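Structure record follows, encoded as structure tokens.
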Amino acid sequence: MYIEIDEIKNAPEQTLSLEFDDVIKEIDENNPIQAKITLKLLGNIITATGKIQGQIKSTCVRCLKEFNRKIDIKLNEKYMLGTLYNGMDGEIELKENNFLEELGDKNEIDIEDLIYQSVILNSPNQIVCDINCLGDEMLEKYVKKEISDPRLKVFENIKLEKDN
């Protein structure tokens, strides 16, 4: 789904609201993702704000079982018409407001790509089906059942007295 820049420019108050409810194959080809997005033109910056929700199929890193994981992401992205650093050479220090995507000579925004990037960047590195998941039998031999160091046995009988 592509949104033309002119569509945003010609919208009332240069604000365009849209709803997305479709499958993004790169994320999950069975479960649709819902998104409510507002695109607003502010000078030469387009802000994309909204919410992305749905369920996506994931694989637990501990037990390797597939499960559906709920996603609920707040969207806050910025696009710049044209380029920010046109003709600049050398290194540039990035500041807080410099994190935006330059559209260059593009005249449209890819909404599916925006949602895809937001979901992937907001996914945890280690996805587990349950916080108490210990994995399967193959993994169990690597999990310590008892945390003790025999060298610390000498401290078992020490009694500490509080100073008054």
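The values are calculated or read from the model by the stated rules, or taken from the named source; none is laboratory data. All of these numbers come straight from a predicted model, not from anything done at the bench. Every residue, glycine as well, gets a Cβ built from its backbone with ideal geometry; the counts of neighbours run over all protein chains shown.
Residues that are modelled with pLDDT under 90, closer than 26 Å to PRO12 by Cβ and either aliphatic (A, V, I, L, M) or not in a loop (DSSP other than H, G, I, E, B) (or both) do occur in segment 103-114.
Is it the case that PHE20 is over 21 Å from MET1 (Cβ atoms) and modelled with pLDDT of 90 or more? Spelling it out, it is not the case that PHE20 is over 21 Å from MET1 (Cβ atoms) and modelled with pLDDT of 90 or more.
Can you name every residue in segment 66-81 that is in contact (Cβ under 8 Å) with a residue 24 or more places away in the chain, surrounded by fewer than 16 Cβ atoms within 10 Å (Cβ to Cβ) and under 12 Å from GLY54 (Cα atoms)? Answer for segment 66-81, where residues must be in contact (Cβ under 8 Å) with a residue 24 or more places away in the chain, surrounded by fewer than 16 Cβ atoms within 10 Å (Cβ to Cβ) and under 12 Å from GLY54 (Cα atoms): just ASN68. If the condition is being at pLDDT 80 or above, surrounded by 10 or more Cβ atoms within 10 Å (Cβ to Cβ) and in a loop (DSSP other than H, G, I, E, B), then segment 120-157 contributes ASN122, SER123, ILE127, VAL128, CYS129, ASP130, CYS133. Contact map, segment 10-27: residues that are without any contact (Cβ under 8 Å) to a residue 24 or more places away in the chain paired with residues that are charged (D, E, K, R) and surrounded by fewer than 14 Cβ atoms within 10 Å (Cβ to Cβ), Cβ distance under 7 Å, separation 6+ or inter-chain. Pairs shown: VAL23/GLU29.
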